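What follows is one structure encoded as structure tokens, with my remarks underneath.
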Amino acid sequence: MVSHAKFITKMHEVHFFQKVMNSMHSNLRRLDLNLLLVLDALLRLRSVTAAANELAISASACSHALARLRQTLGDELFVRQGNRMQPTQRAEQIAESLQAALQLLTDSISQGQRFDPSSSERIFTLAATDYTAFAILPSVMARLQFSAPKLQIQVLYSSQPMALLELAAGRIDFVLGFADANEALREGVQAFDWFSDDYVVIARQQHQQLQGELSFASYLAARHVVVTPWPQTRAVIDQVLDALAVQRHVAVQLPSVLAAAFIVAQSELLMTIPRRAAQTLSQAADLCVYPAPFAIPAYTLKVYGLSKYASTDAHLWLRQELQSIQAEALPPAT
């Protein structure tokens, strides 16, 4: 039999728990949760008309929902710039968690329902650098437009080699990137090697110092374009040269591989990048591709995902698609 003192203590604990839960959900109780679907559509489409069409409601109903959101959240949420609606800082803060929350809820409700890529309208969010997006995603989308015509791929810029914080928070489905071979994966994260590539050097076709071949001496004598998509003090190539006790002369350092290639095409500068990107860029600009005149470890792109989603139909399907794409769609190294 429970004593009077223990009963009073238990009641205090229950009362405290109820107060905590009431505090946690007080803001949500003031908000019609259906409005979150409107906010999500507006954040993605930046148009009341487009959002209304997607949600199968009238434009006036969508505008009314936005007015209610503004009143409830105490923020303008969107300001008009030209023909588009630009989110305020508050809206962008909400957006970071909103899509992940809606996707998590959708996945939970859909458990037990078979994922059908041919009809699914699911949004997969990937984190990648512009190099990965440029070199890989054309092949990905070429395949998915037939196997999953309604599926949407959203790519977010990866600000670090492994955007695992965003992955763990549920804001993205997969990270496309690479890490140090000795770096241990965080608990709950799985990875597989997507593809490997060797490094080559690109130069403009009429480069004055290169006569059909690129020697190590010529490489060191030239000035270079370096791409560092993350805040790094030394790029991978520089770390290799450090081990050889030599340095290259960097003329310009950029976060984007696309601008860099066209700088090379109009200068005497060199650039060292993975072969597949070099082959694609050489078709768009007047570039020559040379073997690297020193040994560089292969570039290996990995796909990272959360272990808890690894067995879900949707994630399993996309991983299999990515593995098939790397095997059959990427151009061979030559």
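So here's what we get for this one:
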| read-out | value |
| --- | --- |
| Selected residue (criterion: nearest to Ile136 (Cα to Cα)) from residues of region 269-308 that are out of contact with any strand residue (DSSP E or B) (no Cβ under 9 Å at 6 or more places or on another chain) and touching a residue at least 40 places away in the same chain (Cβ under 8 Å) | Thr280 |
| Residue in region 317-333 that is among the polar types (S, T, N, Q), touching a Gly at 6+ places or on another chain (Cβ under 7 Å), modelled with pLDDT under 90 and not assigned by TED's automatic domain parsing to the domain that holds Asp238 present | no |
| Residues that are part of a strand (DSSP E or B), among the hydrophobic types (A, V, I, L, M, F, W, C) and within 25 Å of the chain's Cα centre (by Cα), drawn from region 269-289 | Met271, Ile273 |
| Region 209-239, subset part of a loop (DSSP other than H, G, I, E, B) and among the charged types (D, E, K, R), residue surrounded by the most Cβ atoms within 10 Å (Cβ to Cβ) | Arg234 |
| Filter pass, Ala56 being surrounded by fewer than 14 Cβ atoms within 10 Å (Cβ to Cβ) and closer than 21 Å to Gln89 by Cα | no |
| Condition broken by Phe294, with the remaining ones in (1) more than 27 Å from Trp194 (Cβ to Cβ); (2) of a type in the set (A, V, I, L, M, F, W, C); (3) part of a loop (DSSP other than H, G, I, E, B) satisfied | (1) |
| Count of residues meeting criterion [without any contact (Cβ under 8 Å) to a residue 24 or more places away in the chain, of a type outside the set (S, T, N, Q) and part of a loop (DSSP other than H, G, I, E, B)] in region 309-321 | 0 |
| Ala251 being surrounded by 21 or more Cβ atoms within 10 Å (Cβ to Cβ) and either in contact with a Leu (Cβ under 7 Å, 6 or more places away or on another chain) or at pLDDT 95 or above (or both) | no |
| Test: residue in region 266-273 that is farther than 11 Å from Val201 by Cα and in contact with a helix residue (DSSP H, G or I) (Cβ under 7 Å, 6 or more places away or on another chain) | no |
| Residue in region 189-208 that is modelled with the lowest pLDDT, counting only those that are loosely packed, with under 12 Cβ neighbours inside 10 Å and over 23 Å from Val236 (Cα atoms) | Gln208 |
| Which listed residue is modelled with pLDDT of 90 or more, among the aliphatic types (A, V, I, L, M) and under 22 Å from Gln208 (Cβ atoms), from Ala265, Ala243 | Ala265 |
| Residue within region 300-308 that is at pLDDT below 90, assigned by TED's automatic domain parsing to the domain that holds Ser120 and assigned to a helix (DSSP H, G or I) present | yes |
| Matching residues, region 244-268, being assigned to a helix (DSSP H, G or I), over 21 Å from Trp230 (Cβ atoms) and free of Cβ contacts under 8 Å to residues at least 40 places away in the same chain | Phe262 |
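The values are calculated or read from the model by the stated rules, or taken from the named source; none is laboratory data. Treat the numbers as computed from the prediction; the structure is a model and nothing was measured. With ideal geometry, Cβ positions are generated from the backbone for all residues, glycine too; neighbour counts draw on all protein chains shown.
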